[in-house]
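A.B. asks: Below you'll find the structure I mean.
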Amino acid sequence: MSALVSLKTSPLRTPARSVIGPDPVHSNGSNGFTKTPSPSGSRARPAKKAAAQPVDEASLDNPDLGPFLLKLARETVGSGENPNKALDYAVRASKSFELCSGPGLDLAMSLHLVAAIYCSLGRFEEATRVLERSIEVSDPENGSDHALAKFSGYMQLGDTYSMLGQLEQSILCYGSGLKIQMETLGESDPRVAETCRYLAEAHVQVMQFDEAENYSMKTLEIHREHKGPASIEEAADRRLMALIYEAKGDYESALEHLVLASMLMIANGQDNEVAAIDMGIGDIYLSLCRFDEAVFSYQKALTVFKSTRGENHPSVASVFIRLADLYYKTGKLRESKSYCENALRIYAKPLPGIVSEEIATGLTEIAAIYEAVNEPEEALKLLQKAMKLLEDTPAHRSTIAGIEAQMGVMFYMLGRFGEAWSSLDSAMEKLRASGERKSAYFGIVLNQLGLSCVQLYKLGEAARLFEEARDILEQECGICHLDTLGVYSNLAATYDAMGRVESAIEILEYILKVREEKLGTANPDVDDEKKRLADLLKEAGRARNRKGKSLENLLGGSNSQRMKKDGMKKWSGTSFKT
């Protein structure tokens, strides 16, 4: 009989965007191929719309008025006094430019400012419409300045989509901007490197690591060509490469890049950055089970952070969390819990100027350790605190979804299936809205939500969720991946519970065939599958189809997620593992 399989990986945390070193795309380049940043932070709260000011278009038909209004708008933004007044000036300037000179550079630049002000007011949808218009009125064939305007429009539009949580759309915009930049400046210009790096980081955020590796390698090649040996830029590039290789499971390559980055930072006297790299090196050693070397790297970082930033700085808490994780993995639970408590004391009294997102991330990481040591109630309390620290804005949507999904898993472990369903369903909707509906991570959430539905006897809904998870994970992980086979098992168990025995049998025969080919006939997992299939066939009065009929034509795709095997709930001929 097939088993309902839950997820082995710590499901359900969305990795935070990792930006290592200064944000290159927002730096001011000498040739202007940079983005126009929003005049205030990207996480501004939506502001109440001001009453629309009537605009007498006849009065704007003056070629001197557009530049004057644009200057007023910029000065008002710079003063930080009245963004609505600045918006009024910028909108009127753009209308004046459109009336007097039509599509062109002046109109595009004024629209960029309008969009930036909309973003500062939290009016992101309006900003996207304005930026799309700015791209339309910019023609790179009119010269490099016009190409600059179109490039800036694409990059600013990508940022705006990112703030809306629409990450896939954001990456498309960045890619369009990079294409224009390369056509104008050449493929090896240093400013192209900064945009490639930006795209690499964006792909990391959505866990598209192969694409991220390609862009990051291009960045490194350009910097090595133009900056010479031992540059800070090369060190930052190598840190990003290490992050990508770590995510791909290539720990030796990640370690190599981090060691080189550390040497480069030491040569440039960047002690704090060296300490941050030491933390990364400790993470790699931990992944390689080289625990003594990991402790040494973490302690080096801890010493520097305490001396340069103070003993109550969140960076110190971050090292404590890593040490707690290490001691948990080496079976020293008392030391692990002690380091967790030390980190929590720092987060309980945050220093002025520390952003809430940093504290929320730390609480989430500690919650994962409490979950691992079988203290789910404490873990839930920490996750709820983390949720309260994050504003429910599009910029935080993916992070909140990750926390909700993690809470859903813990509710499931505690047998609180209704709360598990509610939390996971909310996470699913947020991930759909943020454009992550095609990621393997989304498939994991769907699988876990399906498990909750089974426990609540919502079999039809469970089947639909497993089918969608199957399609996603088959695309992302492949047909023969063990996670994909796990979702097949869940789907077979659900079909059996719904009375669709023939469909369940065909899936189980396919799973067994693949497991035999991949693991060998003597593997315990293969034996389990044989017993499940034999029980189901016995109920149906059939013998096993030894031809190993493929389900590719029947299903068209598959997806799965493995989970812990503690607990079973019988459903006619099959069973569900959780």
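The values are calculated or read from the model by the stated rules, or taken from the named source; none is laboratory data. Small disclaimer: the values here were computed from a predicted structure and weren't measured. Counting neighbours? That spans all protein chains shown, and the Cβs are built from the backbone with ideal geometry, glycine included. When the accessible area is computed, the model is the full protein with side chains, heavy atoms only, and any ligands, DNA or RNA have been set aside. Shrake-Rupley method; radii C 1.70, N 1.55, O 1.52, S 1.80 Å.
A.B. asks: Could you look through region 199-221, keep only residues that are surrounded by fewer than 23 Cβ atoms within 10 Å (Cβ to Cβ) and of a type in the set (A, V, I, L, M), and pick out the one that is farthest from Glu476 (Cα to Cα)?
C.D. replies: The extreme case among them is Leu220.
A.B. asks: Are any residues in region 303-355 open to solvent by 70 Å² or more (accessible area, probe 1.4 Å), under 22 Å from Val274 (Cβ atoms) and not in a loop (DSSP other than H, G, I, E, B), and if so, which ones?
C.D. replies: Thr303, Lys306, Ser307, Thr308, Arg309
A.B. asks: Related question: Given (1) under 25 Å from the mean Cα position of the chain (by Cα); (2) closer than 27 Å to Asp250 by Cα, where does Ala343 come up short, assuming only one miss?
C.D. replies: With (1) under 25 Å from the mean Cα position of the chain (by Cα); (2) closer than 27 Å to Asp250 by Cα applied to Ala343, the lone miss is (2).
A.B. asks: Kindly establish whether Gly269 is farther than 20 Å from Ser336 by Cα, outside any helix (DSSP H, G or I), of a type in the set (Gly, Ala, Ser) and under 26 Å from the mean Cα position of the chain (by Cα). Don't jump to the end; show me each part of the working.
C.D. replies: Details: farther than 20 Å from Ser336 by Cα: yes; outside any helix (DSSP H, G or I): yes; of a type in the set (Gly, Ala, Ser): yes; under 26 Å from the mean Cα position of the chain (by Cα): no.
Spelling it out, it is not the case that Gly269 is farther than 20 Å from Ser336 by Cα, outside any helix (DSSP H, G or I), of a type in the set (Gly, Ala, Ser) and under 26 Å from the mean Cα position of the chain (by Cα).
A.B. asks: When the residues of region 448-464 are narrowed to those that are open to solvent by 10 Å² or more (accessible area, probe 1.4 Å) and among the hydrophobic types (A, V, I, L, M, F, W, C), which ends up nearest to Lys438 (Cα to Cα)?
C.D. replies: Out of the qualifying residues, it is Leu459.
A.B. asks: Which of (1) over 32 Å from the mean Cα position of the chain (by Cα); (2) modelled with pLDDT of 90 or more does Ser79 not meet, given it meets every other one?
C.D. replies: Condition not satisfied by Ser79: (2).
A.B. asks: Pull out all pairs, ordered by first then second residue, where Cβ-Cβ is under 6 Å, the residues are six or more apart or on different chains, the first lies in region 334-351 and is more than 17 Å from Ala379 (Cβ to Cβ), and the second is buried (at least 18 other Cβ atoms within 10 Å of the Cβ) and of a type in the set (Gly, Ala, Ser).
C.D. replies: Ile346/Ala317
A.B. asks: Just a yes or no: is a residue in region 423-444 surrounded by 20 or more Cβ atoms within 10 Å (Cβ to Cβ) and farther than 24 Å from Leu164 by Cα?
C.D. replies: No: region 423-444 contains no residue that is surrounded by 20 or more Cβ atoms within 10 Å (Cβ to Cβ) and farther than 24 Å from Leu164 by Cα.
A.B. asks: I need the full set of residues from region 356-374 which are hydroxyl-bearing (Ser, Thr, Tyr), free of Cβ contacts under 8 Å to residues at least 40 places away in the same chain and open to solvent by 30 Å² or more (accessible area, probe 1.4 Å), in order please.
C.D. replies: Once the filter is applied, which keeps residues that are hydroxyl-bearing (Ser, Thr, Tyr), free of Cβ contacts under 8 Å to residues at least 40 places away in the same chain and open to solvent by 30 Å² or more (accessible area, probe 1.4 Å), region 356-374 yields only Ser356.
A.B. asks: Condition check: within 21 Å of Leu326 (Cα to Cα) and open to solvent by 50 Å² or more (accessible area, probe 1.4 Å). Does Lys248 satisfy that?
C.D. replies: When the stated conditions are applied, Lys248 passes them.
A.B. asks: Given the criteria at pLDDT 95 or above and within 24 Å of Ala433 (Cβ to Cβ), does Tyr154 qualify?
C.D. replies: yes
A.B. asks: Just to check your reading of the model, which residue among Tyr198, Tyr245, Tyr174, Tyr215 is aromatic (Phe, Trp, Tyr) and in contact with a Ser or Thr (Cβ under 6 Å, 6 or more places away or on another chain)?
C.D. replies: Only one candidate passes the filter, namely Tyr245.
A.B. asks: Moving on to the next point. Can you list residue pairs whose Cβ atoms sit under 7 Å apart, with the first residue in region 414-438 being aliphatic (A, V, I, L, M) and the second being open to solvent by 40 Å² or more (accessible area, probe 1.4 Å) and outside any helix (DSSP H, G or I)? Count only pairs 6 or more apart in sequence or on different chains.
C.D. replies: Pairs that qualify, where the first residue is aliphatic (A, V, I, L, M) and the partner is open to solvent by 40 Å² or more (accessible area, probe 1.4 Å) and outside any helix (DSSP H, G or I), are Leu431/Arg437.
A.B. asks: Just to check your reading of the model, which residue among Asp88, Asp159 is within 28 Å of Glu211 (Cα to Cα) and open to solvent by 10 Å² or more (accessible area, probe 1.4 Å)?
C.D. replies: Among Asp88, Asp159, only Asp159 is within 28 Å of Glu211 (Cα to Cα) and open to solvent by 10 Å² or more (accessible area, probe 1.4 Å).
A.B. asks: To continue, here is another question. Quickly run through region 222-237 and pick out the residues that are surrounded by 15 or more Cβ atoms within 10 Å (Cβ to Cβ) and not aliphatic (A, V, I, L, M).
C.D. replies: Residues satisfying the conditions are His223, Arg224, Lys227, Ser231, Glu233, Glu234, Asp237.
A.B. asks: What are the residues in region 477-490 that are open to solvent by less than 30 Å² (accessible area, probe 1.4 Å) and without any contact (Cβ under 8 Å) to a residue 40 or more places away in the chain, if any?
C.D. replies: Answer for region 477-490, where residues must be open to solvent by less than 30 Å² (accessible area, probe 1.4 Å) and without any contact (Cβ under 8 Å) to a residue 40 or more places away in the chain: just Gly478.
A.B. asks: Ok, one more. Give the residue that is nearest to Lys329 (Cα to Cα), with candidates limited to residues of region 280-299 that are buried (at least 21 other Cβ atoms within 10 Å of the Cβ) and not hydroxyl-bearing (Ser, Thr, Tyr).
C.D. replies: Leu286
A.B. asks: Also: Output the residue which, of all residues in region 266-279 that are farther than 27 Å from Gly331 by Cα and touching a Lys or Arg at 6+ places or on another chain (Cβ under 9 Å), is surrounded by the fewest Cβ atoms within 10 Å (Cβ to Cβ).
C.D. replies: Within region 266-279, the first condition is being farther than 27 Å from Gly331 by Cα, and the residues that meet it are 266-274.
Still in the running and touching a Lys or Arg at 6+ places or on another chain (Cβ under 9 Å): 272-274.
On the way: Asn272: 14, Glu273: 22, Val274: 20.
Out of the qualifying residues, it is Asn272.
A.B. asks: When you go through (1) among the acidic types (Asp, Glu); (2) open to solvent by less than 10 Å² (accessible area, probe 1.4 Å); (3) farther than 25 Å from Met413 by Cα one by one for Glu474, which number turns out not to apply?
C.D. replies: Among (1) among the acidic types (Asp, Glu); (2) open to solvent by less than 10 Å² (accessible area, probe 1.4 Å); (3) farther than 25 Å from Met413 by Cα, the lone unmet condition for Glu474 is (2).
A.B. asks: Now, a different point. If we only count helices (runs of 4 or more DSSP H) wholly inside region 177-266, which ones have 3 or more residues that are of a type in the set (S, T, N, Q), under 30 Å from Gly443 (Cα atoms) and without any contact (Cβ under 8 Å) to a residue 12 or more places away in the chain?
C.D. replies: none
A.B. asks: Let me ask you something else. Could you say whether any residue in region 139-148 is open to solvent by 10 Å² or more (accessible area, probe 1.4 Å), touching a residue at least 24 places away in the same chain (Cβ under 8 Å), within 23 Å of Ser79 (Cα to Cα) and in a loop (DSSP other than H, G, I, E, B)? Walk me through it before giving the result.
C.D. replies: Here is the first cut: in region 139-148, the residues open to solvent by 10 Å² or more (accessible area, probe 1.4 Å) are 139-146, 148.
Checking the rest, the ones that are also touching a residue at least 24 places away in the same chain (Cβ under 8 Å) come to 139-140, 142, 144-146, 148.
Retained after the next criterion (residues that are within 23 Å of Ser79 (Cα to Cα)): none.
No; the residues of region 139-148 include none that is open to solvent by 10 Å² or more (accessible area, probe 1.4 Å), touching a residue at least 24 places away in the same chain (Cβ under 8 Å), within 23 Å of Ser79 (Cα to Cα) and in a loop (DSSP other than H, G, I, E, B).
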